[in-house]
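The values are calculated or read from the model by the stated rules, or taken from the named source; none is laboratory data. Keep in mind the model is a prediction, meaning the values are calculated, not measured. Every residue, glycine among them, receives a Cβ derived from its backbone with ideal geometry; neighbour counts consider all protein chains shown. All accessible areas refer to the heavy atoms of the entire protein, side chains included, with ligands and DNA or RNA removed. Shrake-Rupley method; radii C 1.70, N 1.55, O 1.52, S 1.80 Å.
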Amino acid sequence: MRFLPHDAADELLVTPPCLAGGGDPRWVTVALHQAGGWRYDHTPLSPIIHLVRPDQQAELSLYPDPDEPWWTILHAPTDEHPAWYARFGARLPVEILAAFTDALTKPAPEAAASDPFEILYAAGWLEHSDVSASSPDSPVRVERAVQGQGSWFVTTSLPGDPDTVIWRAHLGADTPLHLVAAFTSALTDPAPLRRDPLALPFQARPHLQTAPAPTGQLGGLDPLEQRVQDLAARRRRGAPSLPPRRPQPPPRRTR
């Protein structure tokens, strides 16, 4: 599959990434279909997209309703794990969502998954309680309900204005821990994201830092095409070995 060319001359590199806006949904949908073998099942000309994993155990829906979560992932129960779900808002950057969906396409690690909160603390996030943490500049907050046994809630607001929410995510209580860990790890990545300047969230623009994005791509490939090729190659090779043990985190910061 060849991807439609686009003019990247006006694209920007945007930080902080959590406020950069949703981005191109194909970063998730095309990658799942082309590299992961997920089949699509939706009505032509409809904005609703539905993808199903080859084993039919998991499905992803993109439902662009301004009053509901745009992204929903449902997973059927297995012999080892109960059914679970995850929902994500429209302005969640697709690159962060992709960390979750990429982890979903890998076999679950045999070793115990990293604690999602420990990943945040190691990155310098602030600990508010055993089940709540926020990013150092405070726009993103991660919480777990019911004494650390319930659903996960992630809320991104404007810095200094917690009432102005940019996006939310809700991961059900039974979401596998390694998927939650992949998501929280992506939240800590400070790398800028490529965005069309016209697509940046209006309310967040005063809080964004931007720079012109480079136009030349390695090998002449579109970034999405390169992503699909990399994921397909990883799938052919099989799941990578587990990463080395994470170094001991620094002392937690509280406030």
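With all protein chains in place and ligands, DNA and RNA left out, the 1.4 Å accessible area ranks GLU225, GLU118 as GLU118, GLU225, largest first.
Over region 47-196, Cα pairs under 8 Å with separation of 6+ residues give a relative contact order of 21 percent.
Length gained on full extension, ARG234 to ASP130, computed as 0.36 nm times the residue gap minus the Cα-Cα distance: 33.9 nm. Dimensions of region 35-191 based on its C-alpha atoms, expressed as ranges along the principal axes with the largest first, amount to 44, 37, 31 Å.
Ordered by solvent-accessible area of protein heavy atoms (1.4 Å probe), largest first, the residues TYR85, TYR40 come out as TYR40, TYR85.
Between GLN57 and ASP222, the simple spin-label model (points 7 angstrom out along Cα→Cβ) gives 3.2 nm. Label separation (LYS106 vs LEU74): 2.7 nm, computed from points 7 Å beyond Cα along the C-beta direction. Rolling a 1.4 Å probe over the protein heavy atoms gives region 156-237 an accessible area of 54 Å² per residue.
Going by accessible surface with a 1.4 Å probe and the largest first, PHE100, PHE153 read PHE153, PHE100.
Accessible surface of HIS170, taken over heavy atoms with a 1.4 Å probe and every protein chain present, rounds to 50 Å². Please work out whether region 144-236 counts as rounded, prolate or oblate from its C-alpha gyration tensor, where a ≥ b ≥ c are the square roots of the eigenvalues and a/c under 1.5 means rounded, while otherwise a/b larger than b/c means prolate and anything else oblate? Here region 144-236 falls in the oblate category.
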